[in-house]
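Q: Below is a structure I'd like to ask you about.
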Amino acid sequence: MLDSVASLGALFSPRAIAVVGASSNARKIGGIPVDYLQRFGYGGDLYPVNPTTDEVQGLQAFPSLAEIGRPVDLAILSLPAPQVPQALTDAAEAGVKAAVMFSSGFAETGEQGAAAQARVAAQAREAGIRLIGPNCLGVMNLHENVYATFSPAPGVGRAQAGRIGLVSQSGAFGAYAYSMARERRVGLSIWATTGNEADVQVADCLQWLAQDPGTDVIMAYMEGCRDGERLRQALATAQQAGKPVVMVKVGTTALGAQAAASHTAAIAGDDRVYDALFRQYGVMRARNLTEFFDLAYVASVAGRPQGQSIGLFTVSGGVGALMADEAAQQGLTVPELSPAAQQTIREWVPFAAPRNPVDITGQVTNDPSLIERAAHRMLADQPLACWMGFFAAAGASDGFWPVLKSLVVSLRAAYPETVLAISTLLSDDKREELAQLNCLSFDDPCEGIRALAALMHAGASKEPGVPQPARVGRAVALPAGPVAEPEALAVLRQAGVPVVDAVVVRSAAEATNAVRALAEQGQDAVLKVVSADLPHKSDVGGVVLRVTPDRAEQAYRQVMAAVQQAAPQARCDGVLVAPCVTGGVECIAGVHRDPVFGPVLMVGMGGVHVETLQDVALRLLPTTRAEVHAMVRELKGWPILAGARGRPPVDDDGLVDALLALADLALAAGDRLSAVEVNPLIARPRAAGGCVAVDALLTLT
């Protein structure tokens, strides 16, 4: 198997390029890359391949790759789909190492196209050729002037070379993003579009960029993922390297997923799983192009903040309140300054608001030195991850620029670890100058706070989300065939999940005895039909709650009759008698097997919360105990679990233990386990017995 990183060197940094299907017309698909490579100063060897002519755009043309007679790293295939197999055969004979395949008419067209694409991929793999495409716009390396693309975007104007890598499954999106980078003066290192991904995927490009010394920040657009483990490894590499990743992932709705599938034959997948993936690996998710570039800009200038606290400085009380509201909505900490710091600021400006936000007022018009003095007093008072100053339209004044620049220079020197941001009106040149000082600038302060919050949240994890080896859990024997609730509870018990004590009865008399035994312990009972054919027992009347001994016989007959009437074809293996668990907080937990990423752990608030509010958190497995603790605290209902309104907090360590046991079970079971669900999982205080599974559903393949 080809090394997914080292073998991409011929694709992204080729020393010799051949254009197969080269055209003398610089406006045609086969002519555009020849034009770009010459016009933009590619320093390697360039060989047009066209059997119908001796010369292409002033260069000697060759009838085939084999007749070049010199090494070729990269072949650009600008050919109709039927000619691609022969071109790959020629490339293999000529020792070509990588190929960019513009050709369309493959998997995006349907089953026949997908079969043709599979044959092309196998042919390239057998020859040891890394293939990007088909149905792609190609790649660029802006530092080496490699323009293996037919996108018109560079022809309109080139983006500057820089340290941001950009990869996109969509060629049109990639071309537009390139144009936006040019207009916004965002410097790019590598630009790549992967199209149908017969071989090279977005994940491979991410892996390359994560290890590329010329790239600091990675931007990516995805419609779907074909290899979840590959993507996880790439994101883990980027996280370990400290390289922020900004991602646009489309297909969040059924309509968007359908559009993605018809575009590049990608499977959009469950968007909640992608959200979990991005959260685990510190990926900043952008919802639109503006946010895409704002986040990349923030990451490239600011680096990683050391925490989630922010100091807010303003010359307008109203805007200060607006900034404070936005910071709170984004989950940032806005710590109040100490009494001593507040007193110092009041001594300078008696009518200032010195708490944080610090409103120094328009008094700065008379004494501009107040800005620098107050900002230093804020940052000297306590460590702050970020500091943002709002200066209204003052930035448009040439007279204010020396004050602003002096402020940034002095703060940067005194507090090198603090992320600095300015909100005011500035020219592009002045913005660039501030960026060179590692200071961000925004027209809209709230837009800036949102971008800073995304950066802080992405960097909040203390331990990288590197895929973890499976923990050594308890050996569990999975039953054969369909699984009813008693077998499911037994499997959970063996796996280490606390479950209710329950017995299966097969007569009204047995039910009465079992219920009486619970009553002697001061507990009411619940009766549930036992049937592997009925995963949702309450839907057929197969559950009766709060049963006392005098009602046990009636409840038993009620359950059996209801099931017989509603589902006469269902196999019934008796009735489960279990104690009614009172108190605590209803949760739902489980693992399902995602077709792309494998087992995914889930926890949520139970009952109406999961049905209507969908208050759940997910993590891809394997994961860590710290991540499981974090996912519990992500729930909107966490304050309830933590003990709202004077209630005792639940045993969150016990809840985490149960979730980890479910994770271990899923990892040990492998592909045999399709899903396991515990609903409800009752979370109680430790003194009340801790966490206990009341109902379980196990789905095996």
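Q: Between Gln240 and Ala561, 0.36 nm times their residue separation minus their Cα-Cα distance comes to what? Mind showing how you got there, number by number?
A: Numbers: separation 321, 0.36 × 321 = 115.56 nm, distance 5.99 nm.
That pair, Gln240 and Ala561, stretches by 109.6 nm at full extension.
Q: Note the listed values [x] 1.04; [y] 1.17; [z] 1.09, then indicate which one is Cα Rg over 2.2 N^0.38 Å calculated from this particular structure.
A: [y]
Q: Calculate how steeply helix 271-280 sits against the longest principal axis of the alpha-carbon atoms of the chain, using the helix alpha-carbon long axis, and give the answer as 0 to 90 degrees to the nearest 10.
A: Approximately 80 degrees, to the nearest ten.
Q: List Asp204, Asp550, Asp652 from most exposed to least, where exposure is judged by having the fewest other Cβ atoms within 10 Å.
A: Exposure proxy ranking, most exposed first: Asp550, Asp652, Asp204.
Q: Asp550 to Ala688: FRET efficiency via 1/(1 + (r/R0)^6), r the Cβ-Cβ distance, R0 35 Å, to the nearest 0.05?
A: That gives a FRET efficiency of 0.80.
Q: Next up: Take every Cα pair under 8 Å in region 501-579 that's 6+ residues apart, average their separations, divide by the length, and report that relative contact order as a whole percent.
A: Numbers: 145 pairs, mean separation 37.6, N = 79.
It rounds to 48 percent for region 501-579.
Q: I need the peptides 133-140, 589-596, 432-439 ranked by packing, meaning the mean over residues of other C-beta atoms within 10 angstrom, with the highest value on top.
A: 133-140, 589-596, 432-439
Q: Still on this structure, I have one more. Give me the number: length gained by fully extending Gln569 to Leu613, i.e. 0.36 nm times residue separation minus the C-alpha to C-alpha distance, one decimal in nm. Spell out each step's value before the answer.
A: Details: separation 44, 0.36 × 44 = 15.84 nm, distance 3.46 nm.
Answer, rounded to one decimal: 12.4 nm.
Q: Sticking with this structure for a sec: Arrange the following residues from fewest to most other Cβ atoms within 10 Å of their Cβ: Ser369, Ser300, Ser674.
A: Working: Ser369 12, Ser300 21, Ser674 15.
Neighbour counts put them in this order, fewest first: Ser369, Ser674, Ser300.
Q: So how far, in whole Å, is the C-alpha centre of region 550-618 from the one of region 310-379?
A: 53
Q: Taking the 0 to 90 degree range and rounding to the nearest ten, how far is the long axis of helix 625-634 tilted relative to the main principal axis of the chain, both from C-alpha atoms?
A: Tilt of helix 625-634: around 80 degrees.
Q: Determine, for Thr290, Thr149, the number of other Cβ atoms within 10 Å of each Cβ, and report the residues in order from fewest to most.
A: On the way: Thr290 11, Thr149 28.
Fewest-to-most ranking of Thr290, Thr149: Thr290, Thr149.
Q: Output the peptides 179-191, 209-221, 562-574 sorted from most to least packed, where packing is the average of other Cβ atoms within 10 Å over each peptide's residues. Numbers along the way, then the final one.
A: Numbers: 179-191: 20.0, 209-221: 22.5, 562-574: 14.7.
Ranked by mean Cβ neighbours within 10 Å, highest first: 209-221, 179-191, 562-574.
Q: Turning to a different aspect of this structure: Packing-wise, with mean Cβ within 10 Å as the measure, how do 392-398, 116-122 rank, highest first?
A: Details: 392-398: 14.4, 116-122: 18.7.
Packing order, densest peptide first, comes out as 116-122, 392-398.
Q: Restricting to bridges with both residues inside the chain, how much of the DSSP beta-bridge set is antiparallel, in percent to the nearest 5?
A: Numbers: 48 of 100 bridges.
Taking every DSSP beta bridge within the chain, about 50 percent pair in antiparallel fashion.
FYI, it's all coordinate maths here, none of it is from the lab. Remember, predicted model here, so these are calculated numbers, not experimental data. So basically every Cβ, Gly included, is an ideal-geometry build from the backbone, and we count neighbours across all protein chains shown.
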